[in-house]
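> My questions will all concern the structure given below.
Each value in this text was obtained by applying a stated rule to the coordinates, not by laboratory testing. Remember, it's a predicted structure, so these values are computed and weren't measured experimentally. As a convention, Cβ positions derive from the backbone with ideal geometry for all residues, glycine included, and neighbour counts pool all protein chains shown.
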Amino acid sequence: MRNKYLLENYRLKWDYHTHTVYSHGKGTIEDNVKAAVDKGLSAIAISDHGPGHLTYGIKRSAVAQMRADIEALKPKYPEIDIFLSVEANIVNHGNYLDVTKEEFGQYDFVNAGYHFGIPGGYMVRNWLYSHGIKTQGSAKRLMVKNTDMTVKALYENKIKILTHPGDKGPFDLGEIAKACEDTGTLMEINFWHHHLNVEEIAFCAEYDVRFVISSDAHHPSRVGNYEESLLAAIEAGLPISRIVNIEGA
Ligand SMILES: [Zn+2]
Ligand SMILES: [Zn+2]
């Protein structure tokens, strides 16, 4: 396929969305760092699931240990920058995340996305919607609620990456892209979740937003994977210069 040849012209610079055993990834922080070094990345972030997730959120009490792990790895792997992040969960109350503003300082930066398994996030209705099960109440109303909490999370907090926008329920991507434009939040192209997909990339590109590719690796072997996401961006006609962590070879 012609696009496959195009890939040879590009490489991923860094991967700011990877998971470890601190949530439901399979590897340790060091496993992910080693994998990133092997792939020649200049930086990696550990971005495990926020503490509000009922089954696989990080324990708030573990964050200090995560930070200690990372500080201990820095002198061992001087060739790469290692950041502690979190994939906060978007919820419909408080500061609209399961990471409080007071907790932001524990992380080098905060990513956020919508997931099932979070009380206060319309989880049952979104799960049913995503599995094609019709419920009482319109999808339109659910979309308004989902979009409202996402946009509020973006304006209320300094979020670096909005992870897999449009995944796991109905969302108004126009409203969300506008909020990302206003707040300078990066919109993620995440092939693992198939969002943003080709159509969504093309749609969001109409807004003055920048994009990022993440592996969302839940296993060290997947750290730094970007090829499928980049192919989607190319298919969408997105100028590669708008993806902040891709550079020409
Ligand atoms: Zn996620
Ligand atoms: Zn993730």
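> Tell me which GluC sites (Glu not before Pro) from region 154-249 have a DSSP coil assignment and no more than 12 other beta carbons within 10 Å of their own.
Passing both the DSSP loop test and the Cβ count: GLU206.
> Still on this structure, I have one more. Arrange the following residues from fewest to most other Cβ atoms within 10 Å of their Cβ: HIS194, HIS17, HIS53.
Least crowded to most crowded, the residues run HIS194, HIS53, HIS17.
> Quick one: net charge around MET143, please, counting Lys, Arg +1 and Asp, Glu -1 for every other residue with C-beta under 10 Å from its C-beta.
Local net charge: 0.
> Would you mind checking LYS59/LYS145; LYS145/LYS178; LYS26/LYS101; LYS34/LYS101; LYS134/LYS168; LYS76/LYS160 for any pair whose Cα atoms are more than 24 angstrom apart?
LYS59/LYS145; LYS26/LYS101; LYS34/LYS101; LYS76/LYS160, as the Cα separations exceed 24 Å there.
> Across region 4-248, what fraction of all alpha-carbon pairs, as a whole percent, falls in each successive 5 Å bin from zero upward?
Calculated P(r), rounded to whole percents: 1, 7, 15, 18, 20, 17, 13, 7, 2, 1, 0, 0.
> State to the nearest 20 debye the size of the charge dipole of region 4-248 about its Cα centre, where the only charges are +1 on K and R beta carbons and -1 on D and E beta carbons.
Around 580 debye, computed over region 4-248.
> Divide, for region 19-164, the radius of gyration over alpha carbons by 2.2 N^0.38 Å, where N is the residue count.
1.15
> Go through region 36-69 and name the trypsin sites (Lys or Arg not before Pro) that are in a DSSP coil and have 12 or fewer other Cβ atoms within 10 Å of their Cβ.
Passing both the DSSP loop test and the Cβ count: LYS59.
> Between the DSSP loop rule and a limit of at most 13 other Cβ atoms within 10 Å, which trypsin sites (Lys or Arg not before Pro) in region 119-157 are left?
Those that pass, being in a loop and sparsely packed, are LYS134.
> Looking at PRO75, LEU162, ALA43, which one has the Cα that reaches farthest to the positive end of the dipole of the chain (charges on Cβ: Lys, Arg +1; Asp, Glu -1)?
LEU162
> Find how many whole Å separate the alpha carbon centroid of region 60-91 from the alpha carbon centroid of region 171-249.
Each part reduced to its Cα centre gives a spacing of 24 Å.
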